[in-house]
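Worksheet: the structure to be examined is printed underneath.
The values are calculated or read from the model by the stated rules, or taken from the named source; none is laboratory data. Keep in mind that what you see is a predicted model, and the values were worked out from it rather than measured. Positions of Cβ are generated from backbone atoms using ideal geometry, with glycine treated the same way; all protein chains shown enter the neighbour counts. The protein model used for the area step is the full one, side chains on, heavy atoms only, and it has no ligands, DNA or RNA in it. Shrake-Rupley method; radii C 1.70, N 1.55, O 1.52, S 1.80 Å.
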Amino acid sequence: SVYVKFCEDPFTSRMSNVWMQNTDIECMGPSAGIPSGGHRSDLWALQASADVSFSDIYNAWNNNFQAIDRANQVIQGINSSDIKTNPEMQQMLGEAYCLKAYRYWMLCNFWGDVPYFDTPANFDMDLDRPKTDKNIIFSKCLLFLVNIEGNMKFSDINTGGIERMNRDFALG
């Protein structure tokens, strides 16, 4: 369920394609005046605030946090399992940490400091959290990757090959 979020529009179109071209030399400026129906150039510049009905940025934000929550569910489930030391479980745990780290990298790349979640959401949790410094987020993610990387499989022996997170990715 964490991987499936890569197949949805907020990632396939917006975050991986349209917004990645936003550099200091090739940023498209927002359209003049108030956009009618959300002009594409407003999305490219991540400046769609003039049109509150334009939901692509909101959907991308939610998509990333849903993927992070799903990764946290996997992490919590494996860590509380009796078979957590099984090599396949360790591989899945590593994949969850890699997916979580990648999603936090994307969030921080586009929005800077963002809320950080170490555990999956539950009914009594306050989800309206303050921002966490992105350097703290990166440090936490890197520590988890360093600790799990040795238990992961390289892509040439992983059953998912390069289609799933692997030791090569964790090392990168």
Pairing a residue in segment 132-153 that is within 17 Å of ASN79 (Cα to Cα) and polar (S, T, N, Q) with any residue that is at pLDDT 95 or above and open to solvent by less than 40 Å² (accessible area, probe 1.4 Å), where Cβ atoms lie under 9 Å and the two sit 6 or more apart in sequence or on different chains, gives ASN147/TYR97; ASN151/GLN90; ASN151/GLN91; ASN151/LEU93; ASN151/GLY94
Report whether or not TYR97 is farther than 18 Å from TRP61 by Cβ, of a type in the set (Ser, Thr, Tyr) and part of a helix (DSSP H, G or I). yes
Taking segment 136-166 as the search range and keeping residues that are outside any loop (DSSP other than H, G, I, E, B) and of a type in the set (Val, Ile, Thr), which one is most open to solvent (accessible area, probe 1.4 Å)? ILE162
Answer yes or no: is there a residue in segment 10-25 that is modelled with pLDDT of 75 or more and either part of a loop (DSSP other than H, G, I, E, B) or touching a strand residue (DSSP E or B) at 6+ places or on another chain (Cβ under 9 Å) (or both). no
Pull up segment 69-115, narrow it to residues that are within 21 Å of PHE11 (Cβ to Cβ) and hydroxyl-bearing (Ser, Thr, Tyr), then point me to the one that is least open to solvent (accessible area, probe 1.4 Å). TYR104
Odd one out for THR132, checked against (1) open to solvent by 40 Å² or more (accessible area, probe 1.4 Å); (2) modelled with pLDDT of 95 or more; (3) touching an Asp or Glu at 6+ places or on another chain (Cβ under 8 Å); (4) among the polar types (S, T, N, Q): (1)
Residue among PHE123, PHE169 that alone is aromatic (Phe, Trp, Tyr), more than 16 Å from ILE68 (Cβ to Cβ), within 18 Å of the chain's Cα centre (by Cα) and open to solvent by 70 Å² or more (accessible area, probe 1.4 Å): PHE169
